[in-house]
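Worksheet: the structure to be examined is printed underneath.
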Ligand code: HEC
Ligand code: HEC
Ligand code: HEC
Ligand code: HEC
Ligand code: HEC
């Protein structure tokens, strides 16, 4: 009985919270883009040189995590391409030492939330719907709040999708 009441209170609070979340506030102040150990530009790679997102983020259509490419992927080109440039020499140093590049994470969901790239990518949701026009960004940054209201507003709009119906079940998104 006590437990049932506790659950009800959580749900009631969340319902109010969801309402508040879904109203069209101007974007909450998102973190500014971090300064990365190597100034990697998506504009140069995914824009100007049209390298596919999945060439580097090869987990995105196969697993929950999109993954950041290991330095070996970079060296496939940079053993030759722009090898004389200081930033490529820095890159090569990580490679020869066998050290991973300490990239700073841009998007971070709280621990209690489950997210799955594969499910979204397989359902045809474009990277840009969630991450914005990354191919135009010299420095990648977060453009959507990643708040519950943001997730829910898309899920709500696609509940009756004939091929990829979404869900509003709490346990689908929460541990
Ligand atoms: C040549 C490899 C490469 C390609 C191609 C590439 N990325 Fe990336 N991506 C990276 C690296 C390296 C990082 C980590 C450094 C950074 O944040 O800039 C990154 C970071 C990101 C992040 C931020 C990750 C975080 O920490 O939250 C997103 C989102 C992203 N990429 C999306 C994309 C999308 C969308 C495309 C295609 C339009 C794409 N990337 C193409 C290498 C690549
Ligand atoms: C439905 C929204 C959505 C779509 C579509 C999406 N992402 Fe993400 N992405 C997220 C969220 C949310 C996170 C943060 C995940 C976390 O903190 O656990 C994230 C994190 C990332 C990261 C950081 C590493 C990781 O896996 O946590 C990369 C890189 C990334 N996304 C790339 C991509 C690429 C490339 C595509 C398209 C192939 C894509 N994403 C499609 C929402 C999305
Ligand atoms: C498929 C080939 C390819 C891959 C893979 C690739 N790059 Fe590049 N990268 C390029 C090209 C092409 C340029 C533009 C070179 C130029 O303008 O002279 C470039 C430019 C750069 C530059 C700017 C160099 C300068 O100072 O002018 C940096 C830094 C860089 N890449 C880092 C990376 C990192 C880090 C990775 C791995 C996450 C990576 N690249 C993966 C092809 C690639
Ligand atoms: C732009 C639309 C969109 C956004 C934004 C979005 N989703 Fe989804 N979500 C989908 C679609 C489409 C599916 C696939 C449904 C299917 O495969 O039937 C899905 C599926 C899922 C699933 C798998 C459901 C299952 O039954 O296992 C989870 C978990 C999920 N989303 C969590 C999230 C979270 C957490 C966020 C916010 C951080 C989010 N989604 C944001 C459209 C979206
Ligand atoms: C589509 C995915 C999704 C669904 C479905 C979902 N949530 Fe969430 N929820 C999130 C995300 C993402 C966050 C973390 C971001 C935030 O705090 O808004 C969150 C945060 C929360 C929080 C913490 C808020 C805070 O301020 O820390 C509570 C409580 C919560 N959800 C309860 C619920 C309940 C109850 C349900 C079912 C009625 C539900 N959620 C359904 C994605 C979802």
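The values are calculated or read from the model by the stated rules, or taken from the named source; none is laboratory data. None of these values were measured; they are calculated from a predicted model. We place every Cβ from the backbone using ideal geometry, glycine too, and count neighbours over all the protein chains shown.
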> Do we have any residue at all in the range 140-149 that's assigned to a helix (DSSP H, G or I) and more than 23 Å from residue 54 (Cβ to Cβ)?
Replying inline: yes
> Pick from the range 120-143 the residues that are surrounded by 15 or more Cβ atoms within 10 Å (Cβ to Cβ) and within 14 Å of ligand 5 (Cβ to nearest atom): which of them is nearest to residue 59 (Cα to Cα)?
Replying inline: 120
> Is the range 101-121 home to any residue that is more than 16 Å from ligand 4 (Cβ to nearest atom), in contact with a helix residue (DSSP H, G or I) (Cβ under 7 Å, 6 or more places away or on another chain) and touching a residue at least 12 places away in the same chain (Cβ under 8 Å)?
Replying inline: yes
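The rows are residues; the columns are (1) modelled with pLDDT under 95; (2) within 14 Å of ligand 2 (Cβ to nearest atom); (3) in a helix (DSSP H, G or I).
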residue	(1), (2), (3)
135	no, yes, yes
138	no, no, no
151	no, yes, yes
154	no, yes, yes
159	no, no, no
164	no, yes, no
171	no, no, yes
> Which residue, of 113, 125, 108, is under 30 Å from residue 170 (Cβ atoms), within 14 Å of the chain's Cα centre (by Cα) and at pLDDT below 95?
Replying inline: 108
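Tell me, which residue of the range 20-46 that is modelled with pLDDT of 95 or more, part of a helix (DSSP H, G or I) and in contact with a helix residue (DSSP H, G or I) (Cβ under 8 Å, 6 or more places away or on another chain) is surrounded by the most Cβ atoms within 10 Å (Cβ to Cβ)?
Per the criteria, the residue is 46.
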> Given the range 47-106, what helices (runs of 4 or more DSSP H) lie entirely inside it while holding 1 or more residues that are more than 7 Å from ligand 3 (Cβ to nearest atom) and farther than 27 Å from residue 132 by Cβ?
Replying inline: 71-78, 86-97
>> If a residue must be in contact (Cβ under 8 Å) with a residue 12 or more places away in the chain and within 8 Å of ligand 5 (Cβ to nearest atom), how many such residues does the range 155-175 contain?
In response: 8
> in a loop (DSSP other than H, G, I, E, B) and within 19 Å of residue 41 (Cβ to Cβ), is that true of residue 110?
Replying inline: no
